[in-house]
Amino acid sequence: MESLTQSTTPRPHQAARPAQPLTGSIAVPGDKSISHRALMFGALAVGRTRISGLLEGEDVLRTATAMRALGAEIVRDGADWIVSGRGIGGLTEPADVLDMGNSGTAARLLAGILATHDFYSVMTGDASLRKRPMLRVIEPLRATGAEFYARQGGRLPLTIRGARDALPVNYRLPVASAQVKSAILLAGLNAPGITIVEEPEPTRDHSENMLKHFGATIEVTAAGPASSQGRVIRLTGQPELRGADVTVPGDPSSAAFPLAAALLVPGSCVTVTGVGLNPLRTGLFTTLREMGAELAVSNERIEGGEPVGDITATYTGFLRAVDVPARRAPSMIDEYPILAVLSAAAQGTSRLRGLHELRVKESDRLAATAAMLRVNGVHVEIEDDDLIIHGGGNLPGGALVETHMDHRLAMSALVLGQVTGRPVQIDDARFIDTSFPGFLRLMRGLGAKMEAA
Ligand code: S3P
């Protein structure tokens, strides 16, 4: 199943309260961040990389198509994927524009790879991706010697003339972004010398873990005051990466939706098996526990170098409001829309702090999340970069949510509809396939009411 044929007609959907509790045990698709990286690092390695559990969502399939256009061989083998890599610096000039669809991760990480390959390339994306800022990677990557030409504000389409004799970059991240960190590390693979990235706040470390797994020399040390948990990453350039097997865990950002639904629908108990539990990704689970949610983790193990476990969410009928500190944002950056839905159902006023980065996601997620709740009768405010949600009232629902080509808003609104008085509609369910193909089928299997409108 390899589809890049997203239909051009919007697919409105409607969600309503189910008559029964949600119950069952499911596995969610593979982690999106790890899937992109497995394909990219596999393409830069020598030899074969076998990937099991790859997310076959639209975003990751874009990465597969782009890496093929750059000369890597990528095939599906039963349920696995096999990448035959070209080695560091071995990719070749693509014959056409690289279309990264809806995926910011694919576009930004690929910009890093292309910066230190001595050829010309052009990258574009869909209407959502063409609005998103690329300067955050362009500026540090220029220090490699690569040239970039973008639309105003550093937007795609982007032309890249990769450096001939690339220089290693030494950069301190001004925003907490794993995408920017990873782009610089990917560029550093084909630059002689040591590439250094300092991150004042820790962000997901899948690139660092996978670089080690593929045989790179990479050193991670603490930076700044201990309380900041900042890190300095030093990567030695031009290693020989060796193809390696990768097992992709279930995506915690996808698991969030069925688990949240279970916490909202009376009587529910849902288990999601094989979920990635990398501590730099589990801020939502910490937050849910602070809200009093019953979440149990079992069968904890290490798979493919990442911690994994089964998570069970049980409805208890009580969630209290929460105050989420800004420093937790990188570990749950994609989970704020669904946390906002849970906060609307919780007793009291929740404050989700420091959400400026949400403004540059697949949509302006801060504004769109507030609008999703507001149109459905929840009292919400935005104060600077904080989202304030007054929970505990009844949840009227009954409105149409505009999803702005944003998969996570679409899924959050459909979960909201499981607890509102009247059904919630969304304008378009197509983008759910970017990260969570099978979402509607899995949710319906648990007992959720979500259907085409
Ligand atoms: C990702 C990092 C995050 C996240 C995105 C995936 C990654 O973005 O929102 O869905 O795979 O590195 P930022 O690094 O821009 O915060």
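The values are calculated or read from the model by the stated rules, or taken from the named source; none is laboratory data. No experiment lies behind these values; they were computed from the predicted model shown. We place every Cβ from the backbone using ideal geometry, glycine too, and count neighbours over all the protein chains shown.
Values computed for the structure shown
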{"item": "Criterion violated by A45 - all others in (1) surrounded by 24 or more Cβ atoms within 10 Å (Cβ to Cβ); (2) within 16 Å of the ligand (Cβ to nearest atom) satisfied", "result": "(2)"}
{"item": "In the range 324-366, residue surrounded by the fewest Cβ atoms within 10 Å (Cβ to Cβ) [restricted to those that are away from the ligand (no atom under 12 Å from the Cβ) and in a loop (DSSP other than H, G, I, E, B)]", "result": "P325"}
{"item": "Qualifying positions in the range 269-309 - more than 14 Å from V248 (Cα to Cα) and of a type in the set (D, E, K, R)", "result": "R281, R289, E290, E294, E300"}
{"item": "Count of residues meeting criterion [in contact with a Lys or Arg (Cβ under 8 Å, 6 or more places away or on another chain) and surrounded by fewer than 24 Cβ atoms within 10 Å (Cβ to Cβ)] in the range 179-197", "result": "3"}
{"item": "Number of the exception - K212 against (1) assigned to a helix (DSSP H, G or I); (2) within 14 Å of the ligand (Cβ to nearest atom)", "result": "(2)"}
{"item": "Matching entry among G125, G101 (being in contact (Cβ under 8 Å) with a residue 60 or more places away in the chain and in the same structural domain as A66 (by TED's automatic domain parsing))", "result": "G101"}
{"item": "Per-region count, the range 14-38, residues assigned to a loop (DSSP other than H, G, I, E, B), away from the ligand (no atom under 16 Å from the Cβ) and surrounded by fewer than 24 Cβ atoms within 10 Å (Cβ to Cβ)", "result": "5"}
{"item": "Near pairs, Cβ below 8 angstrom, 6+ apart or cross-chain, from the range 438-453 (under 14 Å from A260 (Cβ atoms)) to any residue that is assigned to a loop (DSSP other than H, G, I, E, B) and among the aromatic types (F, W, Y)", "result": "none"}
{"item": "Failed condition for L387, given (1) crowded, with 23+ Cβ neighbours inside 10 Å; (2) touching a helix residue (DSSP H, G or I) at 6+ places or on another chain (Cβ under 6 Å); (3) free of Cβ contacts under 8 Å to residues at least 60 places away in the same chain", "result": "(2)"}
{"item": "Tally, over the range 159-197, of residues that are assigned to a strand (DSSP E or B) and either within 16 Å of the ligand (Cβ to nearest atom) or at pLDDT below 95 (or both)", "result": "3"}
{"item": "Selected residue (criterion: nearest to Q238 (Cα to Cα)) from residues of the range 48-59 that are touching a Gly at 6+ places or on another chain (Cβ under 8 Å) and buried (at least 23 other Cβ atoms within 10 Å of the Cβ)", "result": "T49"}
{"item": "Residue list for the range 48-69, restricted to those being assigned to a helix (DSSP H, G or I) and within 16 Å of the ligand (Cβ to nearest atom)", "result": "E58, D59, V60, L61, R62, T63, A64, A66, M67"}
{"item": "Failed item in (1) within 16 Å of the ligand (Cβ to nearest atom); (2) part of a loop (DSSP other than H, G, I, E, B), with G377 passing the rest", "result": "(1)"}
{"item": "Residue within the range 74-91 that is closer than 23 Å to S177 by Cα and touching a Leu at 6+ places or on another chain (Cβ under 9 Å) present", "result": "no"}
{"item": "Check on D80, more than 16 Å from the ligand (Cβ to nearest atom), acidic (D, E) and modelled with pLDDT of 95 or more", "result": "yes"}
{"item": "Condition check for A260: touching a helix residue (DSSP H, G or I) at 6+ places or on another chain (Cβ under 8 Å), at pLDDT 95 or above and closer than 22 Å to E290 by Cβ", "result": "yes"}
{"item": "So I311, is it more than 24 Å from R132 (Cβ to Cβ), hydrophobic (A, V, I, L, M, F, W, C) and in contact (Cβ under 8 Å) with a residue 24 or more places away in the chain", "result": "yes"}
{"item": "Selection from the range 128-148 of residues that are part of a loop (DSSP other than H, G, I, E, B), under 18 Å from the mean Cα position of the chain (by Cα) and touching a residue at least 40 places away in the same chain (Cβ under 8 Å)", "result": "S128, R132, P133"}
